[in-house]
Structure formats: structure tokens, C-alpha cells
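Novice: This is the structure I have questions about; it appears just below.
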Amino acid sequence: MSEALDLQSSYGEQETAMREYREAGVARALALGNRGPIRFNQDGTLAEDILAAYWQHGFYIFENVVKEDELSDIERDVQEIIERAPTEPGGTVDRHGRPALAADGKGGGVQLVKPLSDPIGGTDANNGRHPAKMFEPVAPEGAPDYVLQVVGGSLQFSDAALRLYAHPDLLRVTEAINGADFSPFNEVIWVKQPHLGGSVAWHQDGTTHWDTPKFHKGSHGFNFMAQLYGCNSQNGLWVVPGSHLAIADIKKWCEDAGSDRLPEAVPMLCGPGDVGITNRQAVHGSFPNTSDEIRVTINFGFHRRDCVIGARGNGIHAAGSEQIIYDEARIEARSQILGTAIEARKQRFPDEQPYDYAPLRGQTFSWDAEARESLRGYNALDLGI
């Protein structure tokens with residue numbers, strides 16, 4: 001009985017500390033000045049103050065990017081994906097007994113986690129880039145054994161996510177940061193279920209360029225994080241501003257803090273349709289979702305081409321890629337999906353000016369049932385660095 005009381009007390013103390021931490025983090029986040037609508041100069045270049053804030057802090061919040069009709073499209077696809085998810089790791093059927101998403105082995109995949117758990121913190125997973133474990137609250141009574149958390153290769157499972165991938169303003173932002181010949185990275189959908197979603201231990205995404213001549217403040221690219229319902233200090237991502245400029249000793253940071261509550265971190269605060277952009281070198285992570293609100297993030301990233309050419313795959317985002325040196329042929333093959341996405345978006349939003357992606361200029365793409373089927377397994381060519 002005393003052990004149970006001690007455990008209950010520790011959880012209560014943790015929640016009190018987290019409440020104070022979240023309040024202070026929100027205040028720090030709102031004081032940064034790195035949020036607002038996407039703005040371009042008359043010549044089409046991204047506003048200088050946006051670029052300056054992004055490079056200073058390592059992330060930025062673009063407000064009201066995805067409009068209601070597109071959010072509705074995404075919501076329908078996400079609800080179907082959740083319904084089709086397997087009920088256990090490696091499972092082949094969904095909760096309705098139907099063949100589960102990606103169970104046919106043609107491509108893509110899903111990651112399930114135990115409720116409110118941290119499955120990779122303090123382990124060697126993902127090249128050991130999550131060196132400190134996060135606090136794990138007790139799952140609520142009646143919780144399932146596993147919950148869906150990540151859908152990999154998501155563009156093959158959601159037409160709406162594919163169309164969002166070609167959002168012209170976001171691609172213009174990409175060009176401003178990574179150059180007109182930017183290359184793809186990978187795409188996933190994050191689902192953090194209320195009272196159940198697991199944590200993601202603090203980490204820096206980049207693994208290949210830290211100690212090379214190619215290292216600079218943007219050498220590992222960035223991720224866009226489009227929010228379907230918005231995110232807050234309980235269910236959202238947290239970022240340590242300015243931490244993208246050098247490799248961090250995250251384990252020592254947590255030891256110095258005495259917990260997983262890094263004192264300089266701030267939450268990414270977004271409304272529905274906002275899109276965060278986060279430098280992959282910035283220290284970031286998320287706590288277990290103990291809130292009443294689900295978070296759904298449509299995640300997709302891009303690289304500088306000159307940082308991908310000649311780099312060895314990191315083995316995280318595509319199986320076996322640690323044996324591969326990326327060349328122009330690999331990048332060209334992986335970039336084809338962007339042409340398909342642009343064509344799919346043109347059909348859904350015909351009055352919108354599509355983005356002109358320089359590396360595919362002159363090529364013709366279609367969007368129909370055959371093109372949709374051709375996307376299966378595209379993520380085997382992901383470019384992880």
C-alpha cells in the first residue's frame with residue numbers, strides 16, 4: 001500500500017510541476033516574436049524578418065495557412081486512417097476486422113505505442129539520438145494496450161496530405177530556405193490521442209553532418225508541421241530556441257534540470273490550419289498527451305540538395321539507407337512525387353497558382369487512379385540525413 005501511495009504522490013507532484021512548467025513555457029513562447037502569416041516581398045521572396053526569426057530561433061509559426069475546405073479534406077482522410085489502423089504492432093486487421101492500413105506490405109507503415117509511454121528515450125533506437133527518457137504517467141483505466149501514433153509514407157494513404165505537400169506558399173518558403181533545387185525528406189502523420197498519446201524524447205533530428213565540412217545552421221533541413229486541430233502546451237511539440245547551431249548534450253541538459261523539463265524549451269502553439277516550421281537540428285520533443293484534446297500533425301520536410309548529394313543515409317527514415325550514398329538518381333526518383341502532388345493539387349484547387357518546382361521543369365505528371373497506386377512504397381526512397 002505504501003508503494004502505491006508513494007507512486008500516486010509522485011504522479012501528483014509531476015503534474016503540479018508540469019502545470020507550472022507549461023505556464024512559464026507559454027509565456028516564453030509568446031515573447032519570441034516568431035509567428036504570423038506567411039508574407040512575401042513584391043519580388044516573391046520571403047519577408048526578411050520571417051527568415052531572420054527562423055534562423056535565430058530554429059522554428060517559426062505560420063498562421064492560417066491551411067483553409068477550412070482543405071482542413072475538412074484532411075480530417076476525412078485522417079479519420080479513415082485512424083479507423084483502419086491495426087490494434088497491435090505488426091497487426092494485420094483493424095478494430096473492425098478489416099485488413100489494416102499498410103498490412104499488405106506494399107509500402108508505408110504505422111507505429112503504435114503503449115499509452116502515455118516513451119518507447120525510445122534512453123535507448124539506442126534511431127542512432128541513439130534520444131538519450132534521456134521522459135516521464136511516463138499511468139495510463140487511464142480501460143486504456144487499450146496500444147494506440148496509433150505515427151503513419152509513415154503518409155502521402156500514399158491520404159490524397160489530402162498529398163495535396164497539402166504541394167501547397168504553393170509552403171513550397172515558396174522551402175525555396176527561400178533551401179534553394180530552388182531543394183530535395184524531399186520524408187512525410188508522416190502524427191496522431192497524439194487525448195489521455196493516451198505517448199511522448200517523444202528530446203532529440204535533434206540530424207545525424208550525418210555535425211562533424212563534417214557541410215555542417216551549417218540548416219544542413220539537416222527542416223520539417224513543416226501542419227496542424228489539423230491546433231496544438232497547445234500539453235499535446236504539442238516543444239522546441240529549445242537557438243539549439244540548432246550546435247550538437248547538444250541532451251542527457252546532461254536533463255541531468256542538470258533534474259527532470260525532462262528543459263528550462264529553456266517552449267511549446268509550439270498553433271491554431272487549426274497553422275503550420276510550424278522547425279529546423280531539424282533544433283532540440284525538440286513532446287510530452288505524453290494527458291490533455292482532453294487530440295493533436296493531428298501533417299508532417300513533411302525538405303533538404304538542401306547540396307547537403308544530400310554524397311551523404312550516406314541515416315538508416316532511420318528508410319530501411320537499409322545506411323548502406324547508400326545519395327546521388328542525383330536517388331534524389332530525382334524521390335522528387336517525382338512532388339510533381340504528382342502538384343498535379344493533384346491543381347485538380348482540387350484549379351484557381352490557385354501552382355508552384356513551379358525547378359528540378360522537374362518540363363516533365364509531365366498526371367493524377368488518376370493509376371498515379372495513386374504508383375505511390376505505394378514511395379517512402380522506401382526517403383532521404384534521411
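Novice: Hey, which of the helices (runs of 4 or more DSSP H) in segment 124-214, taking only ones fully inside, have at least 2 residues that are modelled with pLDDT under 95 and on the phi > 0 side of the Ramachandran plot?
Specialist: Here the list reads 125-128.
Novice: Given the conditions (1) of a type in the set (A, V, I, L, M, F, W, C); (2) farther than 16 Å from V188 by Cβ; (3) without any contact (Cβ under 8 Å) to a residue 60 or more places away in the chain, report the number of the one that A132 does not fulfil.
Specialist: Tallying (1) of a type in the set (A, V, I, L, M, F, W, C); (2) farther than 16 Å from V188 by Cβ; (3) without any contact (Cβ under 8 Å) to a residue 60 or more places away in the chain, A132 fails exactly one: (3).
Novice: Of the residues that make up segment 229-252, is at least one free of Cβ contacts under 8 Å to residues at least 12 places away in the same chain and either outside any loop (DSSP other than H, G, I, E, B) or in contact with an Asp or Glu (Cβ under 7 Å, 6 or more places away or on another chain) (or both)?
Specialist: Checking segment 229-252: at least one residue is free of Cβ contacts under 8 Å to residues at least 12 places away in the same chain and either outside any loop (DSSP other than H, G, I, E, B) or in contact with an Asp or Glu (Cβ under 7 Å, 6 or more places away or on another chain) (or both).
Novice: Name the residue, out of A100, A47, that is in contact (Cβ under 8 Å) with a residue 12 or more places away in the chain and of a type in the set (A, V, I, L, M, F, W, C).
Specialist: When all the criteria are applied, what remains is A100.
Novice: Separate question: Looking at segment 108-153 only, could you name the residues that are surrounded by 20 or more Cβ atoms within 10 Å (Cβ to Cβ), touching a Leu at 6+ places or on another chain (Cβ under 9 Å) and more than 23 Å from E13 (Cα to Cα)?
Specialist: Scanning segment 108-153 gives G108, V110, L112, V113, Y146, V147, L148, Q149, V151, G153.
Novice: Follow-up question, since we're still on this one. Having 2 or more residues that are crowded, with 16+ Cβ neighbours inside 10 Å and β-branched (V, I, T) is the bar; report the helices (runs of 4 or more DSSP H) wholly within segment 259-378 that clear it.
Specialist: 328-348
Novice: Among the residues of segment 282-313, how many are of a type outside the set (S, T, Y) and closer than 20 Å to L262 by Cα?
Specialist: Number satisfying all stated conditions: 7.
Novice: Keeping to segment 337-385, report how many residues are among the small types (G, A, S) and either more than 30 Å from D104 (Cα to Cα) or touching a helix residue (DSSP H, G or I) at 6+ places or on another chain (Cβ under 7 Å) (or both).
Specialist: Of the residues in that region, 8 qualify.
The values are calculated or read from the model by the stated rules, or taken from the named source; none is laboratory data. Keep in mind it's a predicted model, so treat the numbers as computed, not measured. Ideal geometry is used to build each Cβ from the backbone, glycine not excepted, and the neighbour counts take in all protein chains shown.
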